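In what follows, a single structure is set out as structure tokens and then discussed.
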């Protein structure tokens, strides 16, 4: 009798619990399905624009105007960034934020086809799937707005249009400007070749352009009169490459020479190298950065040139929140993965054949990977958001399984229905997660408690890019 009563109590509690969304969930999923054409059109249009960081005028305006037409209040040009915006709907109650990105990557061009096919008129491409990120998050925001309106639930859904994630740290300026100060929870997602909501701390990073100046002269007729700025760059690179042997294992250092001269017979009086440095700990990034600067100064002294540098961006690492991640994992499993049509399967098979050793096989796009805690080796300005407000995210198989980010294969899939279906999955999982948070105060409180514990009592937010203004011309 006591066991029977206990079971009845559990069933009754479950029926009353806000964790059981039942009809609400079905309604929300149906609503997102009804907006598939809208999400797809947004994603494809931004894919066509392929605008790089801080220059995403058309992409930003398209997303903002879409939300304005749905009844959101729009604040454009926030934090001193013309392409950053905040779209809000609702009043009182909890504030749940959604992140949206829309910048493309320079230097990679590809048509939406299954073989290598650069587009001559597109010097940039959505090799990180931010066209899908922006469209999917907007779809989620509209679905949550519809639910708030339909149910009369108090609360505010707020979408943050965040430019220049790729090396521009757009979100950091919004964080620094206080744009997230009144937000309870922030949710985000990213394009990928897998479906997962794992807890994945990542690497903090900082970047800078090191600029060497020397003296020009005829490389054959008067080499003794010259001091090569390119020699300075090469000397710095050599010393930095020697340093790699003597840094912590999880450190990542990479660079590209952005200007090395114009003609072999003219000793260049200007040269520039663009560096990234990454490590899981922000303090270790700053410590290693001092050694990188020392290499630059030593290179200048050794080549009788001069050097200065400009910090371009800096991102803190993600502060994971397992309370939120496990909830998102549950919602993603409720939604499920991506299902291919026959035509999409053929496209995927052709793309998959271009991979040497793919991590995932075809078919895994319909699965959700197991929940785990593991270190990721990328970096994102979402990290700074997670330092000031409880934050969680997920990844969706918008690309053919086995695809690497920043590849032509990622650009190709991001412009097709394979990518659009992934954005729809993300919109559903984000919407369900947001609604859960609006209804479940205990979950919000638990997430905040974990957040406060992980940050510690002596936490002080410090942006790794310092007090510089947004580098609005870093992609020009």
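Key figures
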quantity: Number of positions in region 61-78 that are surrounded by 15 or more Cβ atoms within 10 Å (Cβ to Cβ), in contact (Cβ under 8 Å) with a residue 60 or more places away in the chain and touching a strand residue (DSSP E or B) at 6+ places or on another chain (Cβ under 7 Å); calculated: 5
quantity: Candidate set from region 214-233 (those that are in contact with a strand residue (DSSP E or B) (Cβ under 6 Å, 6 or more places away or on another chain) and touching a residue at least 60 places away in the same chain (Cβ under 8 Å)); member that is farthest from residue 473 (Cα to Cα); calculated: 227
quantity: Flag if residue 400 is assigned by TED's automatic domain parsing to the domain that holds residue 112, crowded, with 24+ Cβ neighbours inside 10 Å, in contact with a strand residue (DSSP E or B) (Cβ under 6 Å, 6 or more places away or on another chain) and more than 22 Å from residue 318 (Cα to Cα); calculated: no
quantity: Residue within region 381-390 that is buried (at least 18 other Cβ atoms within 10 Å of the Cβ), touching a residue at least 24 places away in the same chain (Cβ under 8 Å) and over 20 Å from residue 313 (Cα atoms) present; calculated: yes
quantity: Test: residue 43 is over 30 Å from residue 337 (Cβ atoms), surrounded by 15 or more Cβ atoms within 10 Å (Cβ to Cβ) and either in contact (Cβ under 8 Å) with a residue 40 or more places away in the chain or touching a helix residue (DSSP H, G or I) at 6+ places or on another chain (Cβ under 8 Å) (or both); calculated: no
quantity: Residues of region 261-283 satisfying the condition of being closer than 21 Å to residue 243 by Cβ and free of Cβ contacts under 8 Å to residues at least 40 places away in the same chain; calculated: 283
quantity: Pair list, Cβ < 8 Å and 6+ apart or interchain, from region 338-365 residues that are at positive phi to residues that are outside any helix (DSSP H, G or I); calculated: 363/401
quantity: Hey, residue 237 assigned by TED's automatic domain parsing to the domain that holds residue 306 and in contact with a strand residue (DSSP E or B) (Cβ under 7 Å, 6 or more places away or on another chain) or not; calculated: yes
quantity: Among the residues listed as 297, 288, the single one being in the same structural domain as residue 269 (by TED's automatic domain parsing), in a helix (DSSP H, G or I), free of Cβ contacts under 8 Å to residues at least 60 places away in the same chain and within 30 Å of residue 373 (Cα to Cα); calculated: 288
quantity: Filtered residues of region 133-182 (kept if in a loop (DSSP other than H, G, I, E, B), modelled with pLDDT of 95 or more and in contact with a strand residue (DSSP E or B) (Cβ under 7 Å, 6 or more places away or on another chain)); calculated: 162, 166, 168, 169, 179, 180, 182
quantity: Lone unmet requirement of (1) within 15 Å of residue 144 (Cα to Cα); (2) crowded, with 20+ Cβ neighbours inside 10 Å for residue 88; calculated: (2)
quantity: Options 114, 140, 104; residue that is farther than 29 Å from residue 69 by Cα, buried (at least 20 other Cβ atoms within 10 Å of the Cβ) and in contact (Cβ under 8 Å) with a residue 40 or more places away in the chain; calculated: 114
quantity: Hey, residue 310 under 29 Å from residue 226 (Cβ atoms) and within 24 Å of the chain's Cα centre (by Cα) or not; calculated: yes
quantity: Members of region 76-88 that are part of a helix (DSSP H, G or I), within 18 Å of residue 474 (Cβ to Cβ) and under 19 Å from the mean Cα position of the chain (by Cα); calculated: 79
quantity: Failed item, numbered, when residue 211 is tested on (1) in contact with a strand residue (DSSP E or B) (Cβ under 8 Å, 6 or more places away or on another chain); (2) surrounded by fewer than 23 Cβ atoms within 10 Å (Cβ to Cβ); (3) part of a helix (DSSP H, G or I); calculated: (3)
quantity: Residue within region 254-267 that is under 25 Å from residue 385 (Cβ atoms) and not assigned by TED's automatic domain parsing to the domain that holds residue 136 present; calculated: yes
quantity: Qualifying position, being modelled with pLDDT of 95 or more and over 23 Å from the mean Cα position of the chain (by Cα), among 101, 65, 73, 91; calculated: 73
quantity: Test: residue in region 173-180 that is free of Cβ contacts under 8 Å to residues at least 24 places away in the same chain and within 16 Å of residue 463 (Cβ to Cβ); calculated: yes
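Residue by residue, here is whether (1) in the same structural domain as residue 73 (by TED's automatic domain parsing); (2) within 24 Å of residue 30 (Cα to Cα); (3) over 21 Å from the mean Cα position of the chain (by Cα) holds:
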{"position": "105", "(1), (2), (3)": "yes, no, no"}
{"position": "111", "(1), (2), (3)": "yes, no, yes"}
{"position": "117", "(1), (2), (3)": "yes, no, yes"}
{"position": "131", "(1), (2), (3)": "yes, yes, no"}
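The values are calculated or read from the model by the stated rules, or taken from the named source; none is laboratory data. Predicted model, so just to flag it, every value in this text is computed and none were measured. We place every Cβ from the backbone using ideal geometry, glycine too, and count neighbours over all the protein chains shown.
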